[in-house]
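The next block holds one structure in the form of structure tokens; read it before the comments.
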Amino acid sequence: MAETILEMKGISKTFPGVKALDNVNLKVEQGEIHALIGENGAGKSTLMKVLSGVHPFGTYEGDIIFEETECQFKDINESEKLGIVIIHQELALIPELSIAENIFLGNEQAKNGIINWKKTIIETRQLLEKVGLKLDPEEKIKNIGVGQQQLVEIAKALSKKVKLLILDEPTSALNEEDSENLLNLLLEFKKQGMTSILISHKLKELLKVSDSITVLRDGQTIETYSVKGDKLTEATIIKDMVGRELANLFPERNYNIQDRVVFEVKNWSVHHPLDTEKQILHDIQIHVKQGEIVGIAGLMGAGRTELAMSIFGKSYGKKITGQLFKDGEEVTFKNVNDAVKNGVAYVSENRKEYGLILIDSVKNNLTLANLQEVAKNNILDTSKEVVEAESLKTKINIKAPTIHQRTINLSGGNQQKVVLGKWMFTNPDVLILDEPTRGIDVGAKFEIYKLINELAEQGKSIIMISSELPELLGMCDRIYALSEGRITANLDKSEANQETLMTYMTQSWGS
Ligand SMILES: Nc1ncnc2c1ncn2[C@@H]1O[C@H](COP(=O)(O)OP(=O)(O)OP(=O)(O)O)[C@@H](O)[C@H]1O
Ligand SMILES: [Mg+2]
């Protein structure tokens, strides 16, 4: 019989207005991959923060027993010393520093106070190799994509002596290929005897790699399953998670697509902001009609986000050429304001950096992008602001005790919903959604899909970027494939499937 490496017993944790954990029990066996699953706000991240000492001893109730010893961690350093290493849901790398500097931050390879750079670089290179990243250790974090940053986080964890690795949604930012690499990596670590706890909303991958699955709902343990022994299916987990069955993953839609092209991008070319010789996007042509949902499929690094951001008021790139047309007339967006004024909104994939002011309230974040709507003669009408924010909170089902809660205190998935609400409030004609359901649980995904369908039915035009091909296939009327900065296909719903999309997404152009 396997040994138990970790036991968390009767864990309860309360925040003002929220009982995040209510007598949770978790038992993890030595050498297994143990998945933790549950709706947004179920308490997964909080439980792991209790385990790792982010929420220190004394701020929760219950016991933590690791390797047969009772633990009372005062901070994260104490848990790390025992080999418990957590990679948080929100990446914590410093953009201005290099990969190597980030990996060894606080753990510098130094002697007599002098950092041994040669050693740092060599070890970084070895760690990057372990996670399958071919990057220069001296590259700055801000110049690499979110997916690559996730792998750097894992490399950083490996630089410490890990016995129990906790990954809070490590693949939510990754496309299928990269996710698979990461999960294979976990299986490799498992062979070497490492234990891991994996939090994810992607049920398929959890069923594939994990040995046991614990389901949390509303801060309580619902059940722990052995994946093989219990012949576990997605349907069982979903039912446990949301407390009811979910027959369809995609809601019904009333089509209202008009022939009128609302937004068009022509001959759009963009260069790298720092290396202006490097062309990121080449002669992009895309359009979207009124009431249409158009998808953009592409691998990490294909230029999807760069395309969206360069269109959205030149938020990305240099030497941008090409034309934009709104309702048949040429428009120029010098900045984000111009884009918003012309009825274009962009829901960013990176909510921390571009989407939210985390220290501010849910209400202020929701109304921020359209303050005119809640102002009279340029003076903020606070009661109107409250009404509008309340209504959005209900509509998109944001889980927070009140609209005055700071967004930093919301669960990851609920922060994502605030970003979506913020841009919906600008009442745009064209809504560009970049990974709109990243980190969102299956039940809430359905709600967001329903909202997107409703917006399309009202005559909005939607451009949807997603790494999840089933999501694009389930939602879009038309899908563009993007590969190495070029549009390689424009497929009608009827001609698109995973295989054809994948072929166009991997089409190479040589050099
Ligand atoms: N620092 C905090 N202050 C106040 N409330 C908090 C804090 N951290 C978490 N909460 C609340 O505790 C509950 C559980 O949040 P938690 O982040 O653990 O959810 P989760 O299961 O990780 O969800 P997700 O899948 O969205 O990441 C939520 O209601 C959240 O708003
Ligand atoms: Mg979480």
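Nothing in this text is a laboratory measurement; each read-out follows from the coordinates by a stated rule. A quick note: this is a predicted structure, and the numbers were derived from the prediction, not measured. All Cβ positions, glycine included, derive from the backbone under ideal geometry; neighbour counts span all protein chains shown.
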Discussion item. Can you pull out the GluC sites (Glu not before Pro) in the range 59-89 whose DSSP state is coil and whose Cβ has at most 13 other Cβ atoms within 10 Å?
Written reply: Glu68
Item to complete: Please list, or write none, the lysines whose alpha carbon is within less than 20 Å of the alpha carbon of Lys341, excluding same-chain residues fewer than 8 places away.
Response: Lys289, Lys314, Lys326, Lys376, Lys422, Lys460
Discussion item. Under the rule a/c < 1.5 gives rounded, and otherwise a/b versus b/c splits prolate from oblate, where does the range 4-242 land using the Cα gyration tensor?
Written reply: prolate
Response to the item:
Within the under-12-Å Cβ sphere about Leu392, not counting Leu392, Lys/Arg +1 and Asp/Glu -1 give a net charge of +1
Practice prompt. Would you compute, from DSSP H runs of 4+ residues alone, the mean residue ellipticity of the chain at 222 nm, taking -39500 (n - 2.57) per run and dividing by the full residue count, rounded to the nearest 500?
Written response: -9000 deg cm²/dmol
Worksheet item: Can you work out D for the range 383-511 in µm² s⁻¹ from Stokes-Einstein, where Rh is the Kirkwood radius over C-alpha pairs, the temperature is 37 °C and the viscosity is 0.692 mPa s?
Response: 200
Practice prompt. Calculate the length of the line joining the C-alpha centroid of the range 294-365 to that of the range 122-179, in whole Å.
Written response: 27
Worksheet item: In terms of the Cα gyration tensor, with a ≥ b ≥ c the square roots of its eigenvalues, is the range 39-94 rounded because a/c is under 1.5, prolate because a/b exceeds b/c, or oblate?
Response: oblate
Worksheet item: By the scheme Lys and Arg +1, Asp and Glu -1, what is the net charge of all other residues having a beta-carbon under 9 Å from that of Glu29?
Response: -2
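Using DSSP to call loops (not H, G, I, E or B), can you name the chymotrypsin sites (Phe, Trp or Tyr not before Pro) in the range 406-511 whose Cβ has at most 14 other Cβ atoms within 10 angstrom?
Passing sites in the range 406-511 are Trp509.
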Worksheet item: With the dipole of the range 327-416 worked out from charges on the C-beta (+1 for Lys and Arg, -1 for Asp and Glu) around the Cα centre, which of Pro401, Asn342, Val374 lies farthest toward the positive end?
Response: Pro401
Worksheet item: Kirkwood hydrodynamic radius of the chain from all distinct Cα pairs, in Å?
Response: 24.1
Discussion item. What does the C-alpha gyration tensor say about the overall shape of the range 351-427? Classify as rounded when a/c is under 1.5, otherwise prolate if a/b is larger than b/c, or oblate.
Written reply: prolate
Item to complete: Restrict the search to the range 125-197; then list the trypsin sites (Lys or Arg not before Pro) that DSSP places in a loop and that have at most 12 other Cβ atoms within 10 Å of their Cβ.
Response: Lys134, Lys161
